[in-house]
Amino acid sequence: SPYTLSLHDALPIFESSFTPCVFTTAVDRTIKILDAKSYDLLDTYDFPSPVLSLALSPQHHSRFLVAGMMEGSLYLMDLVSHIVLQKLKDHTKYIVKTAWSDDGRWVATIGYDKAVIIYEVVESAIVEENALLDGEEPDELAATPRVELVKRHTHTTKTNPEAAVFLPGSSHLVFSARDDHLLHYLRLPAASKSDEDFSLSSINLNENNDAWVSFSM
């Protein structure tokens, strides 16, 4: 738990602390959280399907996590409150990769249904749940942000996409696909939207610009 409990004038005061952690997934349908130094098990989350990929939010001290399932569901979790905030079922097959953009605005998933899906992370005002006592400092983790994933774009690929990453600056999602010699760049909307929003461009990975798909050591 991220909380240490002490008593002051018979009222509970919560003090948050941060522990560097390692996250693991396995076919036992769990996400396990381990202490990065001692590797002690700190927490376990159970799911109805194996988790193939996960990503942590770069905002709010990484309290939010998205997890992509083998059966195609996407979970949005709050690791502080241990609550599933959303369960989305926009893929029909394996979600093989989830990614969260550096600016915290976008989440991407790719699946073996030949779909690349972009969600926008929509955040509402933080709800202050506890009044501060005399001498108590504000604690970001004592209030619960309202976060929701809203689907903004779906791109269909010719073959199964296999890898995806957001560029630094969160301007593009870059993804690759099986039996494909191209690296694909999906443009993300800026604060001021334009006609280029979600436009797709590609780079040929072959030095001689042919269309062969080949492998070398």
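Read-outs throughout are calculated quantities, based only on the coordinates presented, and are distinct from any laboratory measurement. Note that the structure is predicted; figures quoted are calculated from it, not measured. We place every Cβ from the backbone using ideal geometry, glycine too, and count neighbours over all the protein chains shown.
Give the lysines reachable from K151 as a straight Cα distance under 18 Å; neighbours fewer than 8 places away on the same chain don't count.
Of all the lysines, those that pass the test against K151 - Cα under 18 Å, at least 8 places apart if same chain - are K87, K89, K93, K97, K114, K193.
Hey, what's the per residue convex hull volume over the C-alpha atoms of the stretch 31-120, in cubic angstrom?
Taking the convex hull of the Cα positions in the stretch 31-120, it is 97 Å³ per residue.
Quick check: net charge around C21, other residues with Cβ under 9 Å of its Cβ, Lys/Arg +1 and Asp/Glu -1?
Taking every Cβ under 9 Å from that of C21, the sum is -2.
Between D179 and D28, what is 0.36 nm times their sequence separation minus the Cα-Cα distance? Round to one decimal in nm.
51.3 nm
About its Cα centre, how strong a charge dipole does the stretch 35-101 have in debye, to the nearest 20, once Lys and Arg get +1 and Asp and Glu get -1 at the Cβ?
Approximately 260 debye in magnitude.
Please state the relative contact order of the stretch 40-81 as a whole percent: Cα pairs under 8 Å, 6+ residues apart? Intermediate values should be presented prior to the final figure.
On the way: 52 pairs, mean separation 12.8, N = 42.
Worked out over the stretch 40-81, it gives 30 percent.
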